[in-house]
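A short write-up of the structure that comes next.
Nothing in this text is a laboratory measurement; each read-out follows from the coordinates by a stated rule. Note that the structure is predicted; figures quoted are calculated from it, not measured. Backbone-built Cβ (ideal geometry, glycine too); neighbour counts: all protein chains shown.
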Amino acid sequence: MAIVVNGNGTITGISTGGLPDGSVDVDTLAANSVTAAKIVDGTIVDAEVTSLAATKLTGTIADARFPATLPAASAANLTAIPAANITGTLPAISGANLTGIDTLILATGFDAMTGALTSLDIVGRNGIILRDQWKQGAKSYLGLGISNFPNLFTITGPGSPSVLSNMMPSIEQHVNWITDCIGWMIDNNKSVIESSLAAEEEWMDLVNEIAGMTIFKSTESWYNGSNIDTKAKAFLPFIGVPVYAEKLEEITSNNYQGFIFDVSNK
């Protein structure tokens, strides 16, 4: 059964046949506690909605009047009570009785610029682990190389524009730069590359000097790790894509100034 609507959206009758253009299934409306007063261009308008389930109807409900009181939603804190497993729409959570869920929100945190690296056991010279070296704050040279970690290239790492730029072109820029660098090493019989500590320190000083001209450093944000209690607070992105690109070209033209080559890879 369907409500039949004429060209100007006025309900003209009820059809027991198929659903013509501009109609809405009556049974569906009733099941979702919707009384449709008018339908325009296939959209229910001026609808009296007495159930949130009405929002699941096919099409768009516009100008809907919701009741003043809606059923309270229940939520399970998966941080406090971890989910044991998830099957379909029903997660098995110890200490919680769930019969089903409408939405599963995976708010796992945002460890920007460093989390993807510190979550791994990346081991450098003398057995140092990257997360330990960065415990007091992440540092790198150009966001591409890290002292004590030979032959490790990072893409859009700390000290590069990364999150303050269009990420896809920035990733492509780094991939191209790394490819050219490896090619240069092969042509020049170099087998080991590592950023110098001096170059790294100088670069991160520049990153913070530029950031100090803005309000970024005074703002509590994931930009400086304020969203993670255990993370050292430091502003990590380089502000200024054109300047950064010019600096990469300058370093490349000077045989990768700031990098050390062929020091024993141990």
* Return the FRET efficiency for the residue pair M168, D262: r is the Cβ-Cβ distance, R0 is 30 Å, and the value is rounded to the nearest 0.05. => 0.35
* region 177-258: which GluC sites (Glu not before Pro) are DSSP loop and have at most 11 other beta-carbon atoms within 10 angstrom? -> E220
* **Virtual spin-label span in nm between K247 and W184, 7 Å along Cα→Cβ** => 1.6
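Using 0.36 nm per residue of separation minus the Cα-Cα distance, give me the extension gain between N126 and M213 in nm, one decimal.
Numbers: separation 87, 0.36 × 87 = 31.32 nm, distance 3.78 nm.
Difference between extended and current length: 27.5 nm.
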* To do: Please go through the residue pairs K139/K233; K190/K247; K139/K247; K139/K190; K135/K233 and name each one whose alpha carbons sit more than 20 Å apart in this structure.
  => K190/K247; K139/K190
* Asked: For A198 and W222 in the same chain, what is the full-extension length gain: residue separation times 0.36 nm, less their Cα-Cα distance, in nm?
  -> 5.9 nm
